[in-house]
Amino acid sequence: MNDNTYIATNKTTMTTKAKIQLEYSINCSPAVLYNRLSSASGLSEWFADDVHVRGKVYTFIWEGSEQVAEMVQSRDGKHVRFNWINPEEDDDETYFEFRINKDELTGDVSLVVTDFAEQGEEDEAVDLWNSQIADLRRVLGC
């Protein structure tokens, strides 16, 4: 696993969040992986307890609490990006993204996760993603 962390300043709300990028080796086809990253059924297998989709708006449910995000970018087999929809904040600078990379020479597939965390909470965010990706690997059988 390779992780790179750097600071991103949100100009809209003047808060500073840490942008976190984590790379994971995933032993499966990009098409199968993309399905687990972009569909309600795929995301509910490893990312959230339940996921509902209406158009491009995804409602993620964890232990009774809900968070809503909009899929703002997607490219089959390559990447998907979600922006959180939070009525209390006008925060277009933070998102979470899954990017699938396939090495043309070796055929190895990796997943790059980009997310943002509050200052001082970067380690907890990394631990959470490590746990989530372990669940994804288990679902994928790799």
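Points worth noting:
- Computed over protein heavy atoms with a 1.4 Å probe, the accessible surface of region 26-113 works out to 56 Å² per residue.
- Cα-based shape type of region 33-128, given that a ≥ b ≥ c are square roots of the gyration tensor eigenvalues and the cut on a/c is 1.5: prolate
- Around the amide H of V72, modelled in the peptide plane, lie the amide H atoms of R81, F82, N83, all under 5 Å away and 5 or more residues distant in sequence or on another chain.
- Computed from the C-beta positions of N27 and E66, the FRET efficiency with R₀ = 22 Å rounds to 0.10.
- Couplings 3J(HN,Hα) for region 32-37, derived from phi with the Karplus relation 6.51 cos²θ - 1.76 cosθ + 1.60 (θ = phi - 60°), are 5, 4, 4, 4, 6, 9 Hz, where x marks Gly and Pro.
The values are calculated or read from the model by the stated rules, or taken from the named source; none is laboratory data. All values derive from a computational prediction rather than experimental measurement. All Cβ positions, glycine included, derive from the backbone under ideal geometry; neighbour counts span all protein chains shown. Heavy atoms of the whole protein, side chains included, go into the accessibility calculation; ligands, DNA and RNA do not. Shrake-Rupley method; radii C 1.70, N 1.55, O 1.52, S 1.80 Å.
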